[in-house]
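Novice: The structure that follows is given in the form of structure tokens.
The values are calculated or read from the model by the stated rules, or taken from the named source; none is laboratory data. Computed from a prediction, not measured in an experiment: that's the story for all the values here. Neighbour counts are summed over all protein chains in view; Cβ atoms, including those assigned to glycine, are modelled from backbone coordinates with ideal geometry. These area figures cover heavy atoms from the full protein model, side chains too; ligands, DNA and RNA do not enter into them. Shrake-Rupley method; radii C 1.70, N 1.55, O 1.52, S 1.80 Å.
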Amino acid sequence: MLSLFSFFYYILAIIVYIIAMPLLLLKLRNNKYKIAIPAKFFLKNNPSFKEDKIWFHSCSMGETKAIKPLIDEFSDCNLSVITNTGFEEASKYSNNVRYLPYEIFLPFWINRQKALVVMEAELWYMLFLFAKTKGAKTYLINARISDKSYNSYKKMRWFYKQIFKNIDKIFAQSETDKKRLEELGAKNIEVIGNIKLAQLPKITKKFKRLEEVVITAGSTHQNEEKLILNAYERKYGKLIIVPRHPERFDKVDELIKEYIKDKSLTYHRFSKNEDFNSDIILVDKLGELNNIYAISDVVILGGGFEKVGGHNPIEPAYFGCKIISGKNIFNQKSLFECIQNYYIIEDIQLKEYLEKIEKLKKPQLAKAGTIEPIIKELKNV
């Protein structure tokens, strides 16, 4: 039998749904939401999971990428997400993917599952309540409470206490997170580190470090190379440009040639000479980025100066490269949260930051986690 709290929570969720309806219908005009909103708020083409399996739930692309090793381990599983990018990423791993419906639908949408495994801060009351009510073991993984959000969580302690009643076990990132979670009413917490760092980058080829500063523009997109070249001066160090997409190699080659034609700078394509003897090098071969990060001092991370969503900062951070990125990192926010000391800047600030390379701080990664305790736990459900 459901508690009085559950009853009033459900009534409140219905009221919020009704109030939000005009906004939802307005957002349907945007093609970006034409699939997600009908699926989440009207259950269109979004049926329940029929089979009794392990059910993984994450929010967006970053969280979904982080649980891929677990999905690989339990390949016959169910996956649910919140965002469009999360759905696109999850669909690469399985055909059995759903948008998580709004909470008022969950009591009758959720069927019995072996386990519910929820990533990070997806603390939906009805999700845990009805997954547990219908027989699933419930888990929260990679749990953390940041310094910034800690006070907000404490003010709502009475609410989170109700959520944690329905979570059987929590895998937290740190002892600090464990302590904060316990203050909110959580029980049975194991600290295993940050699982987003469970698979750290590796090099496939070892290049010799150079005796001068190496600046790598990694995973760049259209317009970003021009921005970087316009901010660059030889006195800052060598410049290595690694475009994200191979079909753009020739265009970037033309751009660099145009840039150097009235300057005393040397340049070559890496596919012609696999060395770093020139002032500017275009890496027009796939699979070399981590090898080059390993000999770099500074990385200008592409995808953030255009509305691409940024790229993985863990890779350059792991190799100790100072990181400069544009502000459009919306697809990588969860990974940036794993790092201390990085620089998010406006386009016009790039030259200013290159001028003070020596004063920039090197990044520090959070403690790398392990997924083995999670795997061991789930194999016993």
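Novice: Per residue of region 233-238, what does 6.51 cos²θ - 1.76 cosθ + 1.60 with θ = phi - 60° give for ³J(HN,Hα)? Whole Hz please, x for Gly and Pro, Karplus curve as stated.
Specialist: Working through the residues one at a time gives 9, 4, 5, 6, x, 6 Hz.
Novice: Calculated from DSSP H runs of 4 or more alone, at -39500 (n - 2.57) each and per residue, what is the 222 nm mean residue ellipticity of the chain, nearest 500?
Specialist: Helix contribution divided over all residues of the chain: -9500 deg cm²/dmol.
Novice: Moving on to the next point. Once the Cβ-Cβ distance between Thr204 and Lys333 is put in as r, and R0 is 25 Å, what FRET efficiency do you end up with, to the nearest 0.05?
Specialist: Efficiency, rounded to the nearest 0.05: 0.30.
Novice: Go ahead and set up a Gaussian network model of the chain, Cα springs under 10 Å, then flag whichever of Lys148, Lys53, Lys179 fluctuates most.
Specialist: Between Lys148, Lys53, Lys179, it is Lys148 that shows the largest mean-square fluctuation.
Novice: Measure out, as a whole number of angstrom, how far apart the alpha-carbon centroids of region 235-262 and region 91-143 sit.
Specialist: When both Cα centres are located, 47 Å separates them.
Novice: Taking amide H atoms as placed 1.01 Å from N in the peptide plane, list the residues 5 or more away in sequence, or in a different chain, whose amide H sits under 5 Å from that of Val191.
Specialist: Ala172
Novice: Hull surface divided by four, with the convex hull built on the Cα atoms of region 214-363: how many nm²?
Specialist: Computed as one quarter of the Cα hull surface, the answer is 8.0 nm².
Novice: On to the next question. Where does the charge balance sit around Ala217 when Lys and Arg score +1, Asp and Glu -1, over other residues with C-beta under 9 Å from its C-beta?
Specialist: Value of the local net charge: -2.
Novice: So, one more: Return the single residue from Leu25, Leu365, Leu106 with maximal mean-square fluctuation; model: Gaussian network over the chain, springs between Cα atoms under 10 Å.
Specialist: Answer for the Gaussian network model of the chain: Leu25.
Novice: Apply the Kirkwood formula to region 61-189: the hydrodynamic radius equals the inverse of the mean of 1/r over all pairs of different alpha-carbon atoms; give it in Å with one decimal.
Specialist: 15.3 Å
Novice: While we're looking at this one, here's another question. Using a Cα-Cα cut-off of under 17 Å, which aspartates and glutamates could be cross-linked to Lys134, ignoring same-chain neighbours fewer than 8 residues away?
Specialist: Partners found: Glu51, Asp52, Glu103, Asp168.
Novice: Where the centre of each part is set by its Cα atoms, how far does region 153-185 sit from region 1-77, in angstrom?
Specialist: Comparing the Cα centres of region 153-185 and region 1-77, I get a distance of 22 Å.
Novice: Continuing with the same structure: Based on Cα positions only, what radius of gyration and what Dmax would you give for the chain, in angstroms?
Specialist: Over the chain's Cα set, Rg and Dmax evaluate to 23.7, 79 Å.
Novice: Next question. Taking 8 Å as the Cα distance limit and 6 or more residues as the minimum spacing, I'd like the relative contact order of region 164-226 as a percentage.
Specialist: For region 164-226, the relative contact order is 29 percent.
Novice: For the chain, with only Lys/Arg (+1) and Asp/Glu (-1) charged at the beta-carbon, what is the dipole magnitude about the Cα centre, in debye rounded to 20?
Specialist: Dipole of the chain, to the nearest 20 debye: 1080 debye.
Novice: Leaving out ligands and nucleic acids, and using a 1.4 Å probe, what accessible area per residue does the chain come to in Å²?
Specialist: Using a 1.4 Å probe on heavy atoms only, each residue of the chain averages 50 Å².
Novice: If you don't mind, another one. Quick one: Cα convex hull volume of region 1-55, Å³ per residue?
Specialist: 120 Å³
Novice: Okay, next question. Given an 8 Å cut-off on Cα distances and at least 6 residues of separation, report the relative contact order of region 235-381 as a percent.
Specialist: Averaging sequence separation for qualifying contacts and normalising by length gives 17 percent for region 235-381.
Novice: Separation between the Glu233 and Lys50 pseudo-spin-labels, each 7 Å from Cα along Cα→Cβ, expressed in nm?
Specialist: Roughly 6.8 nm, to one decimal.
Novice: Here is a follow-up. Quick one: among Tyr33, Tyr102, Tyr293, which has the greatest mean-square fluctuation in a GNM of the chain with alpha-carbon springs under 10 angstrom?
Specialist: Of Tyr33, Tyr102, Tyr293, the Gaussian network model singles out Tyr33 as fluctuating most.
Novice: Taking each full run of DSSP H in the chain as one helix, which ones are at least 18 Å long along their axis (Cα atoms) and have mean Kyte-Doolittle hydropathy of at least 0.5?
Specialist: The answer, listed by residue number, is 4-27.
Novice: Let me ask another. Rounded, prolate or oblate: which one fits region 282-342, using the alpha carbon gyration tensor with axes a ≥ b ≥ c (rounded when a/c is under 1.5, else prolate when a/b beats b/c, else oblate)?
Specialist: oblate
Novice: Along the charge dipole of the chain, Cβ charges K/R +1 and D/E -1, which of Trp124, Phe159, Leu210 sits furthest on the positive end?
Specialist: Of the listed residues, the answer is Phe159.
Novice: What's the Cα-based Rg to Rh of region 276-381, Rh via Kirkwood?
Specialist: A ratio of 1.06.
Novice: In sequence order, what are the phi-derived ³J(HN,Hα) couplings for region 299-308 according to the Karplus relation 6.51 cos²θ - 1.76 cosθ + 1.60 with θ = phi - 60°, rounded to whole Hz, with x for glycine and proline?
Specialist: Once θ is set to phi - 60°, the couplings for region 299-308 become 10, 8, 7, x, x, x, 8, 10, 7, 9 Hz.
Novice: Right, something else. FRET efficiency for Gln349 and Leu265, Cβ-Cβ distance as r, R0 = 30 Å, nearest 0.05?
Specialist: Calculated value: 0.80.
Novice: At a 1.4 Å probe, what is the % contribution of carbon and sulfur to the accessible area of the chain?
Specialist: Whole-percent figure for carbon plus sulfur exposure: 51.
Novice: Between Rg and the Kirkwood Rh of region 256-310, both from Cα atoms, what is the Rg to Rh ratio?
Specialist: Across region 256-310, the Cα-based Rg/Rh ratio is 1.00.
Novice: List the residues, sorted by chain then number, that are 5 or more residues from Val118 or on another chain and whose placed amide H is less than 5 Å from its amide H.
Specialist: Sorted by chain and number, the residues that satisfy this are His57, Tyr139, Leu140, Ile141.
Novice: What percentages, rounded to whole numbers, describe P(r) for region 1-127 computed over all alpha carbon pairs with 5 Å bin width beginning at zero?
Specialist: Over region 1-127, the share of Cα pairs per 5 Å bin runs 2, 10, 19, 22, 21, 14, 8, 3, 0 percent.
Novice: Another one. Over the chain, what is the relative contact order in whole percent, taking alpha-carbon pairs under 8 Å and six or more residues apart?
Specialist: The normalised contact order for the chain reaches 13 percent.
Novice: Moving on. Can you tell me the equivalent ellipsoid semi-axes for region 85-145? Use √(5λ) from the Cα gyration tensor, largest first, whole Å.
Specialist: Those come to 19, 16, 12 Å.
Novice: Additional query: Go through region 166-171 residue by residue and turn each phi into a ³J(HN,Hα) via Karplus (6.51, -1.76, 1.60, θ = phi - 60°); whole Hz please, and just put x for glycine and proline.
Specialist: 9, 10, 6, 8, 10, 9
Novice: Could I ask something else about it? In nanometres, what is the gap between the two model label sites at Lys187 and Asn273, each 7 Å from Cα along Cα-to-Cβ?
Specialist: 6.9 nm
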